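Please read the structure below before turning to the comments.
The values are calculated or read from the model by the stated rules, or taken from the named source; none is laboratory data. This one's a predicted model, so the numbers in the text were calculated from it and none came from an experiment. FYI the Cβ positions are ideal-geometry reconstructions off the backbone, even for glycines, and counts take in every protein chain you see.
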Amino acid sequence: MLKISGTESIILNVNGKDSTVLAKPSDTLLFTLRNELGLTGAKPGCENGDCGACTVIIDDWPIKSCIMLTVEAIGKRIITVEGLKDTPIQKAFVDQFSFQCGYCTSGFIMVCHSLWKLYPDADSNTIQEWLQSNICRCTSFQEIEAAIKSIMESS
């Protein structure tokens, strides 16, 4: 078991690159990504795991970074929305008009990318179930569902 007291220097694998960060045992991964690494794509929303604006991918699975401690991410592969530059899901979100204000968009992109990679033949029920993990107050989920379906159909 890893024991960290006070602020410690740790290594995180983020977007395919090892980065050294300073973290306290109580620091959330969201805090560390934004404040130590300058990766601001994961957004603070509710900060209690309900809204999904802070979603990142940890070892292929979408995880809400506001409720994960930084130290829990040691030895894991972390992908942020910055690590998905020029991916099909980003283009699909633009093509399908799957966002309005954009605050929650990165969280939805992360969920959809992970869903596409883990379940490339997901049916509508599975897609809707996965999309329930995030909240958007600006747009309907129809456009977001259209984005994920468009990349599933083209692959």
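Quick notes on this structure:
- Test result for A23, of a type in the set (G, A, S), crowded, with 21+ Cβ neighbours inside 10 Å, within 15 Å of the chain's Cα centre (by Cα) and not assigned by TED's automatic domain parsing to the domain that holds I135: no
- In region 39-50 there is at least one residue matching the filter, namely being hydroxyl-bearing (S, T, Y), closer than 30 Å to G6 by Cα, surrounded by 14 or more Cβ atoms within 10 Å (Cβ to Cβ) and at pLDDT 95 or above.
- Region 76-87, residues that are under 19 Å from S26 (Cα atoms) and either outside any strand (DSSP E or B) or touching a Ser or Thr at 6+ places or on another chain (Cβ under 8 Å) (or both): K76
- Cβ-Cβ under 6 Å pairs, at least 6 apart or on other chains, region 9-33 side within 25 Å of G52 (Cβ to Cβ), far side surrounded by fewer than 16 Cβ atoms within 10 Å (Cβ to Cβ): N13/R77; K24/T7
- Some residue of region 64-83 being closer than 23 Å to E145 by Cα, in contact with an Asp or Glu (Cβ under 7 Å, 6 or more places away or on another chain), surrounded by 23 or more Cβ atoms within 10 Å (Cβ to Cβ) and of a type in the set (S, T, N, Q): no
- Screening G75, G83 for residues that are under 30 Å from S9 (Cβ atoms), modelled with pLDDT of 95 or more and within 13 Å of the chain's Cα centre (by Cα) leaves exactly one candidate, G83.
- Looking only at residues in region 51-63 that are part of a loop (DSSP other than H, G, I, E, B) and in contact with a helix residue (DSSP H, G or I) (Cβ under 7 Å, 6 or more places away or on another chain), the one that is surrounded by the fewest Cβ atoms within 10 Å (Cβ to Cβ) is D60.
- When S114 is tested against (1) within 16 Å of F93 (Cβ to Cβ); (2) part of a loop (DSSP other than H, G, I, E, B); (3) touching a strand residue (DSSP E or B) at 6+ places or on another chain (Cβ under 9 Å); (4) of a type in the set (S, T, N, Q), only condition (2) is not met.
- Residue-level check: of (1) outside any loop (DSSP other than H, G, I, E, B); (2) in contact with a helix residue (DSSP H, G or I) (Cβ under 7 Å, 6 or more places away or on another chain); (3) not β-branched (V, I, T), F31 misses just (2).
- Test set (1) under 17 Å from T55 (Cβ atoms); (2) free of Cβ contacts under 8 Å to residues at least 24 places away in the same chain - E153 fails condition number: (1)
- Any hit, region 68-75, residues being under 20 Å from K117 (Cα atoms) and assigned to a loop (DSSP other than H, G, I, E, B): no
- Qualifying residue in region 119-126 (condition: within 25 Å of R34 (Cα to Cα) and either in contact with a strand residue (DSSP E or B) (Cβ under 7 Å, 6 or more places away or on another chain) or polar (S, T, N, Q) (or both)): no
- Cβ-Cβ under 6 Å pairs, at least 6 apart or on other chains, region 138-150 side farther than 12 Å from I109 by Cα, far side in a helix (DSSP H, G or I): F141/L131; S150/A92
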